[in-house]
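Take a look at the structure below.
The values are calculated or read from the model by the stated rules, or taken from the named source; none is laboratory data. Just so you know, these numbers come straight off a predicted model, no measurement behind them. Positions of Cβ are generated from backbone atoms using ideal geometry, with glycine treated the same way; all protein chains shown enter the neighbour counts.
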């Protein structure tokens, strides 16, 4: 009769347990975290406010302090932290992306009334310098100044900016009522991508799920839609509902468009397909919202039971 060692007996027990788990445990999807929140720069309160991403209810003053004054652009960095341009202090401040606690002054030179900011495909940070009529670039890890990335060709009062699907940088030129396109690799001017009489005081811009470009017309109290490839004007996509002085705009997790009304102290939502007004999503007295972002979508972990996890781990070795 064959004798088994203690180690062999334990091994047989574990294998049988794994097999039983595989055939008896149903798959269960477990969400990690909660629904995304909406972060809004509040010019009046010198803070970033956090709203429930589904209901629009004000949760708290998420980030403040560290010298933050007249906050504008918002970006979640590759490290998961929140980066905010501070107009009064001509800097970019970094806050913990989970708690909102102040970390440090990430950028402290080269800016004059900073506005929009975005992390580029290369991982570096690009910030519009409104009074400097330029876009400055910074090391995305250290915040060290790299240099002036884009300027000239009529760029005056740059504010919102974004990298397009083509990898190039698109910048709102507020004072000249157009959107300029610069090479995403070396900052050289490519063309005036949008230049039409319908645009008045462009503040923010974004590419939509449909590939078209959406630009807030601050003075026109509307959001305009343009062909994402040619820059050709399509239509006045969203207006009404009390929208007054739009700046920031973002498509939410639900596919709808959310726009900050600087003078109406609110964030309004519009149907992402038709542009029809839905509701005043968030409203707080005397906040003067500028830019806004949704926090990243939470991850979802698929649990297949202990046995299946063990098998998957075995296959990866």
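Residue count for region 182-192 satisfying the condition of being part of a strand (DSSP E or B) and under 18 Å from residue 121 (Cβ atoms): 2. For region 142-164, taking the residues that are over 23 Å from the mean Cα position of the chain (by Cα) and assigned to a loop (DSSP other than H, G, I, E, B), the one that is surrounded by the most Cβ atoms within 10 Å (Cβ to Cβ) is identified as 155. Only strands (runs of 3 or more DSSP E) whose full extent lies in region 77-141 are considered here, and the ones with at least 3 residues that are closer than 23 Å to residue 203 by Cβ and either without any contact (Cβ under 8 Å) to a residue 60 or more places away in the chain or in the same structural domain as residue 159 (by TED's automatic domain parsing) (or both) are 82-86, 91-95, 114-119, 125-129, 134-138.
If the requirement is being more than 20 Å from residue 264 (Cα to Cα), over 22 Å from the mean Cα position of the chain (by Cα) and in the same structural domain as residue 293 (by TED's automatic domain parsing), which of these qualifies: 189, 207? Reasoning before the result, please.
Numbers: 207 fails: over 22 Å from the mean Cα position of the chain (by Cα).
None of the other options fit; the residue is 189.
Between 184, 196, 167, 157, the distinction of being assigned by TED's automatic domain parsing to the domain that holds residue 291 and either in contact with a helix residue (DSSP H, G or I) (Cβ under 7 Å, 6 or more places away or on another chain) or farther than 20 Å from residue 228 by Cα (or both) belongs to 157 only. Taking the criterion of being surrounded by 17 or more Cβ atoms within 10 Å (Cβ to Cβ) and over 14 Å from residue 125 (Cβ atoms), the residues of region 87-101 that qualify are 87, 89, 90, 95, 97, 100.
If you take the residues in region 47-70 that are assigned to a strand (DSSP E or B) and within 15 Å of the chain's Cα centre (by Cα), which one is farthest from residue 128 (Cα to Cα)? Spell out how you get there, then give the answer.
Residues of region 47-70 that are assigned to a strand (DSSP E or B), as a first pass: 47-52, 58-64.
Cutting the leftovers down to within 15 Å of the chain's Cα centre (by Cα) gives us 48-51.
Values: 48: 19, 49: 22, 50: 24, 51: 26 Å.
This residue is 51.
Which count do you get for residues in region 192-209 that are in contact with a strand residue (DSSP E or B) (Cβ under 9 Å, 6 or more places away or on another chain) and free of Cβ contacts under 8 Å to residues at least 40 places away in the same chain? Looking only at that region, the number is 9. So for region 248-263 (the condition being over 20 Å from the mean Cα position of the chain (by Cα), surrounded by 14 or more Cβ atoms within 10 Å (Cβ to Cβ), in the same structural domain as residue 166 (by TED's automatic domain parsing) and without any contact (Cβ under 8 Å) to a residue 40 or more places away in the chain), does at least one residue qualify? Looking for residues that are over 20 Å from the mean Cα position of the chain (by Cα), surrounded by 14 or more Cβ atoms within 10 Å (Cβ to Cβ), in the same structural domain as residue 166 (by TED's automatic domain parsing) and without any contact (Cβ under 8 Å) to a residue 40 or more places away in the chain, one finds at least one in region 248-263, hence yes. Based on what the data block shows, is residue 240 surrounded by fewer than 19 Cβ atoms within 10 Å (Cβ to Cβ), modelled with pLDDT of 95 or more and assigned by TED's automatic domain parsing to the domain that holds residue 98? Yes.
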